[in-house]
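Participant: Pasting a structure here, questions to come.
The values are calculated or read from the model by the stated rules, or taken from the named source; none is laboratory data. Computed from a predicted model, the values in this text were never measured in an experiment. Counting neighbours? That spans all protein chains shown, and the Cβs are built from the backbone with ideal geometry, glycine included.
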Amino acid sequence: MKNVKRICEYGTIWNEMDFHEHVDSVQAIYLEPKSFENLKCFVAENSDPGTEIESAFSYHRQKGKDFIRVKNYVGVIETRNGTTIEILPKIYTTQKDDTPEAINESRSILLSMLRTLHNSPFKTIDKAHINANRMPILEIFISMFLKEVESIVTRGIKHFYANSEENQKFLKGRLLFSEQIKQNVTRADRFFVRYDEFRADIPQNRILKAALTYVSKKSKSTKNKSQIISLLSLFEEVDHSKNIASDLSKLNGHSRLFNYYDTALIWARLFLEGKSFTSYKGKNLNTAILFPMEVLFESYVAHKLKKQYPELKITTQDRQHFLLTDLLLKQNKFRIRPDLVVRTSEVLIVADTKWKIIDHNLSGKNYLITQADMYQLYAYGKKYQSDHLILIYPECDTFTKELLFQYDDQITLRCVPWSFKKENLVLKEIACLT
């Protein structure tokens, strides 16, 4: 754990060389100079406007001191010297977010959110993982990958027949006469043959072996390391991948026979390519597994709503309407995609999630709600012909009670806090309209 540092969104990463004394907190951590330089180069190399990493970090220099600001991305990064940085959701707005209880709660919320992502390997995160406060998140990811590989081994590692052509000392399969004449005209003890070999050396297994080898160098857990050694011994007949990119490209469109490989291969791709919701370039970091908080929050709220109200028709990222029509081309333009559309027999509710801090006390500053959010919901209301709009923000110290607004044409907008401790709060707000 001494090589694991934890910081929340919008925290600051400093070069410890610039300070005589320093203490890590979730608002600010200090990296040794080489690690800081690696991270700085990583940010610079991926700083093109609009890229994921540009949205995740920003580099600054102030009063002769360099620092890197974390934005609204969460996840895990590992520096070249093995220091792991866990970036956690910011669920408090006061200094009490530095307590062990608050940090553990933030980690638990992150893992719970990851469970709800579609087409991801995180669905198997269980309560033991969520409550494992002392286990680094990267080790949790590794243990989940190992569990999936163990499941494959239990069901049986796939073998396939593959054509081989070799110059053998004995006759095996079919003799290739043209090659025999070319290569063995003076060698009566050799046979150039083609034969089918039933083997496990296929792209899927090479990728799993490559990922096992990769995590063997990353894991610091005795339990995980022991499990990795055991699993690698079962892949002895599988060659090391000579071209990981090529083998990964061959995974697309595999047959249903490999369905039970799917989750393990998603994990393998995540480790080998370093891709989660982000794509990046360069070799300045060992690992970067990052997720935008707005995507996690949207996924989490939608999952909870559907679970609480299975009888309602709840659509996520609805694509039914466009903002306007191009009259010259007679084409619809600018598709709108509200996060949630709830349809009942009586009303239609349009809701959007926003991972932002607002303040119910600051009426003079419009409660820190942006005008763009208000315009966006109004457009949704007009297009869906709905009088019931909801903006869902995370509950925090400064936002614990509902705000209610009305547009000129009687469309109502409720801004409600989502409480991670009382997760039915927003559901009750929706229920009162149904």
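Participant: For the list (1) more than 24 Å from the chain's Cα centre (by Cα); (2) buried (at least 18 other Cβ atoms within 10 Å of the Cβ); (3) under 25 Å from Leu114 (Cβ atoms); (4) of a type outside the set (Lys, Arg), I need the number of the one condition that Trp355 fails.
Facilitator: (1)
Participant: Could you grab me the full set of residues in the stretch 224-249 that are in contact (Cβ under 8 Å) with a residue 24 or more places away in the chain and in contact with an Asp or Glu (Cβ under 9 Å, 6 or more places away or on another chain)?
Facilitator: Answer for the stretch 224-249, where residues must be in contact (Cβ under 8 Å) with a residue 24 or more places away in the chain and in contact with an Asp or Glu (Cβ under 9 Å, 6 or more places away or on another chain): Asn224, Gln227, Leu231, Glu237, Val238, Asp239, Ser241, Ile244, Leu248.
Participant: Separate question: Which residue, of Leu391, Leu348, is under 27 Å from the mean Cα position of the chain (by Cα) and either crowded, with 17+ Cβ neighbours inside 10 Å or under 21 Å from Val416 (Cα atoms) (or both)?
Facilitator: Working: Leu348 fails: under 27 Å from the mean Cα position of the chain (by Cα).
On inspection, the qualifying residue turns out to be Leu391.
Participant: Oh, and also: Considering each of Leu403, Leu362, Leu389 in turn, give the residue that is in contact with a Gly (Cβ under 6 Å, 6 or more places away or on another chain), at pLDDT 90 or above and more than 16 Å from Glu294 (Cα to Cα).
Facilitator: The conditions single out Leu389.
Participant: Just checking, which of Asn119, Asn104 is surrounded by fewer than 18 Cβ atoms within 10 Å (Cβ to Cβ) and more than 19 Å from the chain's Cα centre (by Cα)? Break it down into steps so the answer makes sense when it comes.
Facilitator: Numbers: Asn119 fails: more than 19 Å from the chain's Cα centre (by Cα).
Being surrounded by fewer than 18 Cβ atoms within 10 Å (Cβ to Cβ) and more than 19 Å from the chain's Cα centre (by Cα) holds for just one of Asn119, Asn104, which is Asn104.
Residue-by-condition table, conditions (1) closer than 17 Å to Asn284 by Cα; (2) in contact with a strand residue (DSSP E or B) (Cβ under 8 Å, 6 or more places away or on another chain); (3) at pLDDT 90 or above; (4) of a type in the set (Gly, Ala, Ser):
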site: Phe36; (1), (2), (3), (4): yes, yes, yes, no
site: Ala44; (1), (2), (3), (4): yes, yes, no, yes
site: Glu54; (1), (2), (3), (4): yes, no, no, no
site: Gln95; (1), (2), (3), (4): no, no, no, no
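Participant: Let me ask something else about it. Taking only the stretch 319-354 into account, find how many residues are under 18 Å from Arg414 (Cβ atoms) and outside any strand (DSSP E or B).
Facilitator: Initial filter on the stretch 319-354 (under 18 Å from Arg414 (Cβ atoms)): 338-344, 346-354.
Next, from what is left, pick out any that are outside any strand (DSSP E or B): 338-339, 344, 346-347, 354.
Count: 6.
Participant: Are any of the residues in the stretch 131-151 buried (at least 21 other Cβ atoms within 10 Å of the Cβ), modelled with pLDDT of 85 or more, among the hydroxyl-bearing types (Ser, Thr, Tyr) and farther than 24 Å from Glu32 by Cβ?
Facilitator: Scanning the stretch 131-151, I find no residue that is buried (at least 21 other Cβ atoms within 10 Å of the Cβ), modelled with pLDDT of 85 or more, among the hydroxyl-bearing types (Ser, Thr, Tyr) and farther than 24 Å from Glu32 by Cβ, so the answer is no.
Participant: Arg187 fails exactly one of the following numbered conditions: (1) surrounded by fewer than 20 Cβ atoms within 10 Å (Cβ to Cβ); (2) assigned by TED's automatic domain parsing to the domain that holds Val238. What is the number of that condition?
Facilitator: Here Arg187 clears every test but (2).
Participant: Yes or no: the stretch 299-322 includes at least one residue that is surrounded by fewer than 14 Cβ atoms within 10 Å (Cβ to Cβ), more than 20 Å from Leu391 (Cβ to Cβ) and touching an Asp or Glu at 6+ places or on another chain (Cβ under 7 Å).
Facilitator: no
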